[in-house]
1. Starting from the Cα gyration tensor of the chain, take the square roots of the eigenvalues, sort them a ≥ b ≥ c, and report rounded, prolate or oblate (rounded when a/c is under 1.5, otherwise prolate if a/b is larger than b/c, else oblate).
2. Towards the positive end of the charge dipole of the chain, with charges on Cβ (+1 Lys, Arg; -1 Asp, Glu), say which of Val70, Ser38, Met14 has the farthest Cα.
3. Under unit Cβ charges (Lys, Arg +1; Asp, Glu -1), what dipole magnitude, rounded to 20 debye, does the stretch 11-77 have relative to its Cα centre?
4. For Trp72, what is the net charge nearby, where nearby means another residue's Cβ is under 9 Å from its Cβ and Lys, Arg count +1, Asp, Glu -1?
5. Quick one: with all protein chains in place, what share of the accessible area of the stretch 29-79 is carbon or sulfur, to the nearest percent (1.4 Å probe)?
6. Under 5 Å between amide H atoms, partner at least 5 residues away or on a different chain: which partners does Val105 have, H built in plane at 1.01 Å?
7. How would you rank 65-74, 27-36, highest first, on the average number of other Cβ atoms within 10 Å across their residues?
8. Can you compute the charge dipole magnitude of the stretch 38-91 about its Cα centre, using +1 on each Lys and Arg Cβ and -1 on each Asp and Glu Cβ, nothing else charged? Give it in debye, rounded to the nearest 20.
Amino acid sequence: MSTPTAVVHRDSSMLAKATAARIVTRLVDAQSAQGRASIVLTGGGIGIAVLAELARASARDAVDWRHLDVWWGDERFLPSGDSERNETQARAALLDHVGVAPERVRPMP
C-alpha cells in the first residue's frame, strides 16, 4: 500500500487545472485497461471548476466519453434543472460538451 500524500497548489485555479489533468490520465488508463471507466462527481466551487477546466483541456479528447459512466457522490435536494443542482452545473460545465452517452449518466433523483 502506498503512503498518501498531500499536494498543495498556489491557488484554486491551479488546483482545478492539476486535478483536471489527473482525471484525464486516470480515465485514459482505466479505459485502456478495461475498455470503460467510471467517475463520481461532486458539486461545489472547486468541483465545478475542475469540470470546466476538463472541458477546456485539449487532452480531454484522449478520453472516450462514450465509454464513461458518470455517477454523483452527493446532490442538493433540488428539482432537476435547478441552477443550484450539482447535476445541472456539471452538465453546463462539462457533460453537455463531450459526448457522454446519456444512458451512462446517472443523476441522483
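The values are calculated or read from the model by the stated rules, or taken from the named source; none is laboratory data. These figures come from a predicted structure and were not determined experimentally. Every residue, glycine as well, gets a Cβ built from its backbone with ideal geometry; the counts of neighbours run over all protein chains shown. Areas reflect the complete protein model, heavy atoms only, side chains present, ligands, DNA and RNA absent. Shrake-Rupley method; radii C 1.70, N 1.55, O 1.52, S 1.80 Å.
1. Values: a/c = 1.56, a/b = 1.15, b/c = 1.36.
Oblate shape, in that a/c is at least 1.5 and b/c is the bigger or equal ratio.
2. So the residue we want is Met14.
3. Numbers: 8 positive and 8 negative charges, 20 e Å.
That gives the stretch 11-77 a dipole magnitude of about 100 debye.
4. On the way: positive: Arg106; negative: Asp74, Glu75, Glu87.
Once positives and negatives cancel, what remains is -2.
5. Details: 1570 of 2860 Å².
With neighbouring chains kept in place, the figure for the stretch 29-79 is 55 percent.
6. Distant-sequence amide H within range of Val105: Val70.
7. Numbers: 65-74: 15.9, 27-36: 13.5.
Top of the packing list down: 65-74, 27-36.
8. Working: 6 positive and 9 negative charges, 27 e Å.
Around 140 debye, computed over the stretch 38-91.
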